[in-house]
Amino acid sequence: MYPSAAPGTFALPVMDVDCTRNVLGLVLVNSGDYAHGGGFGSPSPETLAFLKALPERIGAKSMVFQHMPLPEYYQVLRPVAANAAFAMQGYREHADTYYVLDEDRTKPAGIWGRASPARMSRTSLRRCARGISVWRRAMTIATDS
């Protein structure tokens, strides 16, 4: 594990099957405190420096997860009725609106298209929800330590 100076931010290297080299990095970023205007603040300078140094340290590409969605996520969503299939409630300033993936703003073969709830089975959706729950618990443990 590669810890950051910023609490709750760290990287986990994923090695090849022979444990000889890193093939991927999984990075969890804690954006820190709340912003003055609402929502979460920006990652700290320490976090940004950590992210900048990671490619050389890990020696592989990384996937970065932030505990709160970036505002840009809303650019690939479209508002729907609260009772629409797969509707998810927005957060903070978007809390009064429900959304689904806007298929016109994603590529069918792209990662957003593949992750479309409309294309996922109920079993896959349940597994995804369980994974998010486990990840949230892991983040809570990481930020508490």
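We did not get these values from a lab; they are worked out from the coordinates using the rules stated. Being a predicted model, the structure only gives us computed values, none of them experimental. Note that each Cβ is placed from the backbone with ideal geometry, even for glycine, and that neighbours are counted across all protein chains shown.
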Shape descriptors of the range 42-99 over alpha-carbon atoms, Rg and Dmax in angstrom, are 16.2, 46
Most exposed first, judged by fewest Cβ atoms within 10 angstrom, Phe50, Phe65, Phe10 run Phe65, Phe10, Phe50
Going by amide H atoms built from the backbone, whose H comes under 5 Å of the H on Val80, apart from near neighbours? Tyr98, Tyr99, Val100
